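The structure under discussion appears below in the form of structure tokens.
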Amino acid sequence: MSFEQEDLWRSAKAFAGDRVLEELFTRLAQKYTHSWSSSAPEDASKRDDAYHMVRAIASLRNELTALAAEPDVVKFNSRLKR
């Protein structure tokens with residue numbers, strides 16, 4: 001495990017636990033969910049865009065969580081190899 005990898009994991013853990021970032025994700029998801037649900041029935045493009053943004057936010061949140069958990073997974077897997 002390199003220093004760069006450990007530094008990346010530390011940064012990911014800091015971001016994953018950051019209250020401001022979590023609030024930002026929540027607000028953005030709410031904003032696009034509202035845009036999606038309040039769009040006119042004939043405005044499929046607006047709904048599609050909002051849906052894709054909500055999915056992108058969820059994907060970013062999930063990847064950040066996975067990256068932050070990576071060192072624990074590596075430790076667990078290396079323990080199993082012994």
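The values are calculated or read from the model by the stated rules, or taken from the named source; none is laboratory data. In this text, all values refer to a predicted model and were calculated from it rather than measured experimentally. Note that we place each Cβ from the backbone using ideal geometry, even for glycine, and neighbour counts take in every protein chain shown.
Taken over the stretch 32-55, the residue count meeting the criterion of being closer than 22 Å to Thr65 by Cα and out of contact with any helix residue (DSSP H, G or I) (no Cβ under 7 Å at 6 or more places or on another chain) is 2.
Identification of helices (runs of 4 or more DSSP H) wholly contained in the chain with 2 or more residues that are modelled with pLDDT under 85 yields 3-16, 44-81.
Looking only at the stretch 28-55, which residues are loosely packed, with under 13 Cβ neighbours inside 10 Å and under 12 Å from the mean Cα position of the chain (by Cα)? Within the stretch 28-55, Arg55 is the sole residue that qualifies.
Which residue pairs have Cβ atoms closer than 9 Å, lie 6 or more positions apart in sequence or on different chains, and pair a first residue in the stretch 4-27 that is surrounded by 15 or more Cβ atoms within 10 Å (Cβ to Cβ) with a second residue that is acidic (Asp, Glu) and modelled with pLDDT of 90 or more? If the second residue must be acidic (Asp, Glu) and modelled with pLDDT of 90 or more, the pairs left are Ala16/Glu22.
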